[in-house]
């Protein structure tokens, strides 16, 4: 009986150690990002209902995660584009991605 109680106690404290880390795309879509392109910094906000906005709401669209890609549409680019994001990125990280218009830098908000 004592062994079961000790094992149960260890299991309770071990659960946080096994908690799954968020993926790059989960951080991107929950924290939102700053997109850096052509000398501009453009905040992009993602909402849980699959919508996005940028440039103070002047650009709106939709998003969804498909595997390791973030697929989106917006009023400036109505055709869906799916962009591969690197794994292992966290809030505060900055990294390049290749968009249909060329390379841009993404910074995940803290």
Stretchable slack from residue 42 to residue 73, in nm (0.36 nm times residue separation minus alpha-carbon distance): 9.5 nm
Extension reserve of the residue 59-residue 99 stretch, reckoned as 0.36 nm per residue once the Cα distance is removed: 12.8 nm
Peptide ranges 31-40, 75-84 listed from the most packed, as the mean C-beta count within 10 angstrom indicates: 31-40, 75-84
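Each reported figure results from applying straightforward, stated rules to the coordinates on display, with no laboratory input. Fair warning: this is a prediction, and the values are worked out from it, not measured in the lab. Every residue, glycine among them, receives a Cβ derived from its backbone with ideal geometry; neighbour counts consider all protein chains shown.
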